[in-house]
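Please read the structure below before turning to the comments.
The values are calculated or read from the model by the stated rules, or taken from the named source; none is laboratory data. Not measured: the values here are computed from a predicted model. Methodologically, a virtual Cβ is constructed for each residue, glycine included, from the backbone with ideal geometry; neighbour enumeration extends over all protein chains shown. These area figures cover heavy atoms from the full protein model, side chains too; ligands, DNA and RNA do not enter into them. Shrake-Rupley method; radii C 1.70, N 1.55, O 1.52, S 1.80 Å.
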Amino acid sequence: MKKEKDHVYLPEKTFQRVPWNKGKLTGQKPPLLPKHVWAIRTKLHLDGRIRDLALFNLAIDSKLRGCDLVNLKAGDVAPHGYAIDRAMVRQRKTGRPVKFEIAEHTRQAVDNYLRANPRTSDDFLFVGWKGRNSSLTTRQYARLVSQWVASVSLDESLFGTHSLRRTKATLIYRRTGNLRAVQLLLGHSKIESTVRYLGLEVDDALDIAEKVDI
């Protein structure tokens with residue numbers, strides 16, 4: 001009679017999924033300060049990174065989400081081959097149109113970029129690694145933002161793509177107090193969304209309190 005072999009049962013391996021943001025700081029990213037903006041602009045200019053300078057300047061001026069920024073077509077900002085002073089795009093997230101201004105130094109950066117990298121109106125303004133028919137991806141854009149902030153000795157873990165979207169909007173509110181204008185510029189449907197996005201409630205309350213002396 002054959003003796004059955006002993007069977008050894010090993011415990012099943014359990015695979016624990018590692019969160020994508022493990023070890024990363026989460027939550028709202030703060031806006032850049034004006035001195036940070038100019039430091040990054042100067043660094044990109046001195047390094048001759050004309051594409052990155054145009055992208056950075058447009059990110060600040062347009063206040064667009066990353067998905068809308070990377071999908072800009074040349075015709076959106078330079079329909080005649082040179083940058084215009086105001087543009088309008090339809091937001092991918094909400095489907096709502098939003099207008100934005102393009103400052104003179106941004107127009108100059110875009111024009112320099114287009115002279116070196118000619119585009120037709122239907123071409124993506126900032127192309128990805130697959131070539132003219134594909135846009136820069138949001139992940140590639142996020143990596144560039146990390147490079148930019150690190151290049152001026154800022155902690156890249158503290159800032160992200162929304163820091164650039166939030167920068168000019170926050171500055172406009174601080175200088176004017178016009179929350180409705182900021183809401184329109186960001187393309188928010190509700191003003192409560194703008195308040196939360198800028199994180200202004202506590203700061204504003206403290207500012208008011210400090211001005212009241214009894």
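Kindly sort 158, 44, 179 by accessible area of their heavy atoms, largest first, with the probe set to 1.4 Å.
Working: 158 75, 44 5, 179 35 Å².
Final ranking, largest accessible area leading: 158, 179, 44.
Expected output is a single nm value to one decimal: the length gained when fully extending between residue 162 and residue 178, i.e. 0.36 nm times separation in residues minus the C-alpha distance. What is it?
Here the segment from residue 162 to residue 178 would lengthen by 3.7 nm.
In nanometres, what is the gap between the two model label sites at residue 155 and residue 42, each 7 Å from Cα along Cα-to-Cβ?
Placing both labels 7 Å along Cα→Cβ, they lie 2.4 nm apart.
Direction-averaged shadow area of the convex hull around the Cα atoms of the stretch 120-186, nm²?
That works out to 6.5 nm².
Per-residue HN-Hα couplings for the stretch 86-101, Karplus 6.51 cos²θ - 1.76 cosθ + 1.60 at θ = phi - 60°, whole Hz, x for Gly and Pro?
Result, ordered by residue: 9, 9, 9, 9, 9, 6, 5, 6, 10, x, 8, x, 9, 9, 8, 8 Hz.
So which of 63/190; 29/168; 29/63; 43/73; 73/93 end up more than 19 Å apart by C-alpha? Write out the running numbers ahead of the final one.
Details: 63/190 17 Å; 29/168 14 Å; 29/63 14 Å; 43/73 26 Å; 73/93 17 Å.
With Cα atoms farther than 19 Å apart: 43/73.
What are the residues whose amide H is under 5 Å from the amide H of residue 128, where those residues sit 5 or more places off or on another chain and H is modelled from the backbone?
134, 135, 136
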